[in-house]
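> Please find one structure pasted underneath; my questions will follow.
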2 protein chains.
Amino acid sequence: MTSPVAAVPLPFLPHLPVVEGVEVLPYDPTDMDTLPGDGREVDVLSLPFVAGRWMTRMDEVPGLRAVVLASAGYEHALPHLPSGVDLANAVGVHDTATAELAVAIMLAAQRALPTYAHTQAAGRWDRSGAGQRRSLADSHVLVVGYGGVGRAVARRLVASECQVVAVASREREGDELVERVHGIDALPTLLPGADVVVLAVPLTDATRGLVGAQELALLPDDALVVNVARGGVMDNEALRVECAAGRLRAALDVTDPEPLPDDHPLWSTPGVLITPHVGGGTPASYPRMGTYLGRQLATYRDTGHLENVVATG
Amino acid sequence: MTSPVAAVPLPFLPHLPVVEGVEVLPYDPTDMDTLPGDGREVDVLSLPFVAGRWMTRMDEVPGLRAVVLASAGYEHALPHLPSGVDLANAVGVHDTATAELAVAIMLAAQRALPTYAHTQAAGRWDRSGAGQRRSLADSHVLVVGYGGVGRAVARRLVASECQVVAVASREREGDELVERVHGIDALPTLLPGADVVVLAVPLTDATRGLVGAQELALLPDDALVVNVARGGVMDNEALRVECAAGRLRAALDVTDPEPLPDDHPLWSTPGVLITPHVGGGTPASYPRMGTYLGRQLATYRDTGHLENVVATG
């Protein structure tokens with residue numbers, strides 16, 4: 001086999017390990033006038049974090065065999081995938097950033113940081129803001145979805161002195177963080193014991209509407225619902241009603257619909273913290289993308305195929 | 001030795017383990033009309049988290065031998081300590097709550113949560129808020145002060161994929177979290193490599209003004225200064241100047257002066273997050289106080305003295 005050729009976005013280069021036997025052609029992802037590989041045949045095309053505009057031009061790259069996305073989601077690439085080309089998504093690359101935001105908004109909600117943001121803006125030293133009424137430590141936290149994000153959340157929570165209970169699609173043995181991973185069928189029996197629930201599942205037919213009014217009703221008073229998955233995994237209106245009644249609280253990086261419209265009542269519902277889907281893609285994602293891409297290129301060199309192929313055009 | 005008698009605030013009782021051979025007399029710390037022990041002789045007096053009003057009445061408790069504070073600081077108790085009575089402070093009880101807030105405000109600053117609190121209040125989905133520009137993961141964090149709070153911070157940071165460097169008054173071997181603990185003399189050589197500095201030292205003559213203009217100048221651009229110690233361990237005006245210039249950022253639970261006056265310029269300095277000294281005393285402090293008090297009462301029963309005696313009247 002001749003040396004495979006890979007076109008790689010410039011921002012990934014400083015983080016890409018040397019992969020012997022693979023020729024790397026850098027390209028500027030902001031320069032839409034120059035095609036990745038500049039007209040040369042390219043075996044593997046690595047797309048940048050913001051890939052939207054390149055999707056429609058994949059079919060212009062001569063000789064293309066495989067594409068590595070920089071996102072976990074891949075639905076947006078499918079309509080544009082050239083015939084016979086393999087598509088791999090980015091596995092694990094954004095877990096750190098997403099888990100970090102999950103814990104950040106969880107801590108912010110427990111320690112009343114939004115309240116202090118407002119008293120600071122008003123220039124007032126006001127200790128009545130409930131910042132000492134709750135803690136994350138000692139909380140029983142139910143992590144729903146125990147993939148890369150869920151495990152990264154669990155690692156942070158264990159170090160934060162929480163009691164972590166993990167739930168995944170299928171029951172299985174635990175790891176160094178949790179004794180066992182419960183199956184999703186156990187959710188109704190686990191919700192009543194949860195001070196905090198973190199949703200970290202992919203949105204699939206099986207997880208759409210996973211947490212509805214019935215599930216929310218099983219949570220104890222004052223429980224915190226954290227969503228860093230997708231808005232569609234829960235009934236946002238049922239959550240809003242519970243929060244408006246003062247019974248539950250929420251910290252949401254994702255909503256349904258999204259973007260949340262300017263006049264949506266969720267913005268001003270008491271006890272609801274909202275960030276505008278900023279979980280993924282911090283600077284931490286660059287070295288992790290570089291490591292992942294290096295592994296993918298080595299695999300392609302050795303086998304002629306990528307790992308984590310999610311579709312073929 | 002006859003059974004020692006201990007007067008214990010009611011809120012601590014559910015968390016106090018049974019200490020055989022010690023008679024526990026509960027008292028209501030909100031009822032200033034009834035003396036702890038109700039006139040009986042009391043060997044050990046446990047004071048509540050909010051102890052201010054009881055300080056002046058310690059000398060009314062007959063037979064008193066020792067006092068256990070519920071706070072780490074004890075300066076406020078010294079003027080009121082009756083002659084011959086030992087005073088112990090609360091060691092480790094608030095470490096969890098304080099470390100938790102340190103990490104909460106650190107994450108909030110890195111992920112721009114105050115900005116999102118304001119865009120949420122305005123009902124706007126605005127992703128321009130820099131929440132993805134920085135991460136805590138991969139940050140080099142300098143933890144200054146490696147006692148209970150510093151170690152609890154370090155544990156959370158290691159799980160958050162940070163590079164943690166610890167500094168204490170004296171150089172010593174490390175632990176499971178850091179390879180070694182640097183001596184405070186190394187501070188000038190460590191500051192230039194720190195993305196984040198966390199101050200977690202007690203305020204003493206040795207630490208007053210520890211971080212001044214000179215030390216701040218050694219930090220790299222955009223570094224975050226986190227203070228959960230005491231306002232007096234740093235030069236707050238020098239910090240304000242660096243932040244106002246856009247060179248450094250800060251997340252402060254303690255200030256100097258404190259409370260920060262309504263018209264103080266620090267409130268509105270860009271890149272500065274302020275919480276009003278709410279680090280300690282969350283619900284997590286109750287079980288830890290109960291455990292600590294149980295150990296103290298057992299020690300007193302066995303030896304006739306408390307541990308961690310910081311003063312004798």
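> Return one whole number: the accessible area per residue of chain B in Å², for a 1.4 Å probe.
Computed with neighbouring chains in place, this is 41 Å² per residue.
> I want to verify a result. In a Gaussian network model of chain B, Cα cutoff 10 Å, which of these has the top mean-square fluctuation: B:VAL178, B:VAL153, B:VAL44?
B:VAL178
> Taking the label point as lying 7 angstrom from Cα along the Cα-to-Cβ axis, what are the distances from A:ASP302 to the corresponding position in the remaining copies, in ascending order and in nanometres?
Those label-point separations list as 5.6 nm.
> Averaged across the residues of A:119-131, what count of C-beta atoms belonging to other chains lies within 10 Å of each residue's C-beta?
Mean inter-chain Cβ contacts per residue within 10 Å come to 6.
> At 222 nm, what helix-only mean residue ellipticity would the protein assembly as shown give, in deg cm²/dmol to the nearest 500, using -39500 (n - 2.57) for each DSSP H run of four or more?
-7500 deg cm²/dmol
> With the full set of protein chains in place, find how many percent of the accessible area of the stretch A:95-274 is carbon and sulfur; take the probe as 1.4 Å.
Roughly 49 percent, rounded to a whole number.
> Give, ordered by residue number, each residue of the stretch A:132-147 whose 1.4 Å probe accessible area is reduced by a minimum of 10 Å² on adding the remaining protein chains to the chain alone.
Buried by the other chains: A:GLN132, A:ARG133, A:SER135, A:ALA137, A:ASP138.
> Here's a follow-up. Cut-off 10 angstrom, C-alpha nodes, Gaussian network model of chain A. Which of A:ARG57, A:ARG133, A:ARG208 fluctuates the most?
A:ARG133
> Given H placed 1.01 Å from N in the peptide plane, which residues other than close sequence neighbours of B:LEU273 have an amide H under 5 Å from its amide H?
Those qualifying (amide H under 5 Å, at least 5 residues apart or on another chain) are B:ALA250, B:ALA251, B:LEU252.
> Moving on to the next point. Taking H as built 1.01 Å from N, whose amide H comes closer than 5 Å to the amide H of A:GLU171, not counting residues under 5 places away?
A:GLY183, A:ILE184
> Still on this structure, I have one more. What gaps in nm, shortest first, separate B:PRO259 from its twins in the other copies when you place the label 7 Å past Cα toward the beta carbon?
When each copy's label point is compared with this one, the spacings are 3.7 nm.
> May I ask for the accessible area buried between chains B and A, both sides summed, probe 1.4 Å, to the nearest 100 Å²?
Its buried surface, counting both partners, is about 4700 Å².
> Ranked from the most accessible area to the least, with a 1.4 Å probe and all protein chains present, what is the order of A:SER3, A:SER139?
A:SER3, A:SER139
> Another question about this same structure. Please give the net charge around A:ASP33, taking every other residue with its beta carbon less than 14 angstrom from that of A:ASP33, where Lys and Arg add +1 and Asp and Glu add -1.
-2
> Now a separate question. Shielding of B:254-264 by partners, i.e. mean partner chain Cβ atoms within 10 Å per residue?
2
> Mind checking the dipole of the protein assembly as shown: about its Cα centre, +1 per Lys or Arg Cβ, -1 per Asp or Glu Cβ, Debye to the nearest 20?
Using Cβ point charges on Lys, Arg, Asp and Glu, the protein assembly as shown gives about 140 debye.
> Name the residues of the stretch B:155-187 whose accessible area, probed at 1.4 Å, falls by at least 40 Å² once all protein chains are in place instead of their chain on its own?
Buried by the other chains: B:ARG156, B:ALA159, B:GLU161.
> Place the label 7 angstrom along Cα→C-beta at B:ASP38 and in each other copy, then list the distances from the first to the rest in nm, shortest first.
9.1
> Please work out the C-alpha center-to-center distance from the stretch B:251-313 to the stretch B:25-48 and express it in whole Å.
One Cα centre to the other: 22 Å.
> Of A:SER135, A:SER285, A:SER71, which has the largest mean-square fluctuation in a 10 Å C-alpha GNM of chain A?
For chain A, modelled as a Gaussian network with Cα springs under 10 Å, the answer is A:SER135.
> Give me the net charge for the shell around A:VAL241: Cβ to Cβ below 15 angstrom, other residues only, Lys and Arg +1, Asp and Glu -1.
Value of the local net charge: -3.
> How high is the relative contact order of the stretch A:93-188, given as a whole-number percent (alpha carbon pairs under 8 Å, six or more residues apart)?
23 percent
The values are calculated or read from the model by the stated rules, or taken from the named source; none is laboratory data. The structure displayed is predicted, hence computed values, not measured ones. A quick note on method: Cβ atoms are made from the backbone with ideal geometry, for glycine too, and the neighbour counts reach across all protein chains shown. These accessible areas exclude ligands, DNA and RNA; they are computed on the full protein's heavy atoms, side chains included. Shrake-Rupley method; radii C 1.70, N 1.55, O 1.52, S 1.80 Å.
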